[in-house]
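The structure under discussion appears below in the form of structure tokens.
Taken together, the values in this text are just the output of simple stated rules run on the coordinates, not laboratory data. What you see is a predicted model, and the numbers here were worked out from it, not measured in a lab. Every residue, glycine among them, receives a Cβ derived from its backbone with ideal geometry; neighbour counts consider all protein chains shown.
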């Protein structure tokens, strides 16, 4: 299994229950083909530049292990989510 990291930004205006639901959904997608090592919630931070006319976002960092196909599926699911403003998946083992 390969070690990956995903960071995603949720809309800051979402209710806490919806934020937790999105985080649990991401953990569920990862658990299907891998394992979650660590979830680090950074909370609400100011964005460097406005995204979709929003100046703040709710940041979440997830460290996980998975198969090489997992990042592609995770990227697809995060891309179609209305709550996610931006996301980035990184292979931590590549040099």
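Looking at this structure, is residue 22 surrounded by 15 or more Cβ atoms within 10 Å (Cβ to Cβ) and in contact with a helix residue (DSSP H, G or I) (Cβ under 8 Å, 6 or more places away or on another chain)?
No.
Kindly check whether there is at least one residue in region 27-44 that is out of contact with any strand residue (DSSP E or B) (no Cβ under 6 Å at 6 or more places or on another chain), crowded, with 16+ Cβ neighbours inside 10 Å, in contact (Cβ under 8 Å) with a residue 24 or more places away in the chain and assigned to a helix (DSSP H, G or I).
yes
Which of the residues spanning region 45-95 are over 25 Å from residue 3 (Cα atoms), loosely packed, with under 11 Cβ neighbours inside 10 Å and touching a residue at least 24 places away in the same chain (Cβ under 8 Å)?
Correct list: 52 only.
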